[in-house]
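Undergrad: Handing you a structure now.
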Amino acid sequence: APILLRMEYHDAPEQEFVAPSRHKLHLNVFAGITVQDELMGVPEAVGFSGPTYISIRPSRHQTSSFAAFSAMDLERLMWLPSFQDMMRADGKLKPVLMLTVYGGPDESPRYPKTIRQAVHMFKKYDIDAFYMSVAAPGKSISNKVERRLAPLSRELFGVVLPHDPFGSHLNDSGAIVDHEMETRNFEYAANVLCETWSRFVIDGHPVVVEYVAHKGEDLNFENSIWYTNHVRESQYFLQIVKCGDISCCAPMRSNLKNVLP
């Protein structure tokens, strides 16, 4: 008898995200944006080019949040040669840090885990100001990371990621029976991606890709008084700025107060 098939298309909202399956690889993409000093003060100074960093993790072994992974990757950028000029000055992390995020799970500025990681980095590296923003619905197309993903996706045409180079870690029912072999198989597939993308150059800037096996750590933050004096949050924006009390915060390393009094 003939089989009748029916297909319906569903347009998911921009801010609707699906958590990756545990049998997939999770990619975290950072796009550095260079600022032209000679155009400082005009919007054209901020372009779309810069170095790219991608971390790859097996989703199955994620026991901490995406916020913890992103914080760990952000600290990793401090030591990458391609991000040195952008992240560091005089051997320290630059005093003002500005991030734009896509607003996915545990990534949006309004999520507590994201705020805890931001506060931890703010204190650890003596940052004057930490700003994180997310595009409003309908405006995510302006996210500069999207422009990096297009050429990277084209590089995967014809690339096959083997799922069992060291043997199958699944039984006939599809259940995992060998966790050690599963880890080795995932790492092999991730390294194929690393080799493919690491050869790529976007607008003259390198692409650094790494397989990350170790896990991030979720943090707790209980000092509500400190939070009230330093943190401002909304659905689309997170701001953490030093206060004027030298018994609480170290003196500012930048002239931010002259720009934003």
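Undergrad: Treat the count of other C-beta atoms within 10 Å as a stand-in for reagent exposure and order Trp79, Trp226, Trp197 from fewest to most. Walk me through the numbers on the way to the answer.
TA: Working: Trp79 10, Trp226 15, Trp197 20.
By the 10 Å Cβ count, ascending, the order reads Trp79, Trp226, Trp197.
Undergrad: Quick one: give the max-minus-min coordinate of the C-alpha atoms of the stretch 25-259 along each principal axis, largest first, in Å.
TA: 64, 43, 38
Undergrad: Could you sort out which of Lys113/Lys257; Lys94/Lys257; Lys113/Lys144; Lys92/Lys144; Lys92/Lys257; Lys113/Lys242 sit more than 22 Å apart by Cα distance in this structure? Could you put the intermediate results ahead of the total?
TA: On the way: Lys113/Lys257 28 Å; Lys94/Lys257 15 Å; Lys113/Lys144 24 Å; Lys92/Lys144 26 Å; Lys92/Lys257 20 Å; Lys113/Lys242 20 Å.
From Lys113/Lys257; Lys94/Lys257; Lys113/Lys144; Lys92/Lys144; Lys92/Lys257; Lys113/Lys242, over 22 Å: Lys113/Lys257; Lys113/Lys144; Lys92/Lys144.
Undergrad: May I pose another question? For the stretch 25-259, what's the relative contact order in percent, using C-alpha pairs closer than 8 Å and at least 6 residues apart? Spell out each step's value before the answer.
TA: Working: 338 pairs, mean separation 63.5, N = 235.
Reported as a whole number, the value is 27 percent.
Undergrad: Whose amide H sits under 5 Å from the amide H of Ala135, counting only residues 5 or more places off or on another chain, with H placed in the peptide plane?
TA: Val101
Undergrad: Provide the net charge surrounding Phe48, with neighbours chosen by a C-beta distance below 13 Å and charges set as Lys +1, Arg +1, Asp -1, Glu -1. Intermediate results must be reported in sequence, preceding the final value.
TA: Details: positive: Lys144, Arg147, Arg148; negative: Glu44, Glu146, Asp203.
Computed value for this residue: 0.
Undergrad: In terms of modelled amide H atoms, which long-range or inter-chain residues lie less than 5 Å from the amide H of Leu170?
TA: Val177
Values in this text are rule-based calculations from the coordinates and carry no lab data. Computed from a predicted structure; not experimentally measured. Cβ sites come from the backbone with ideal geometry, for glycine too, and all protein chains shown count toward neighbours.
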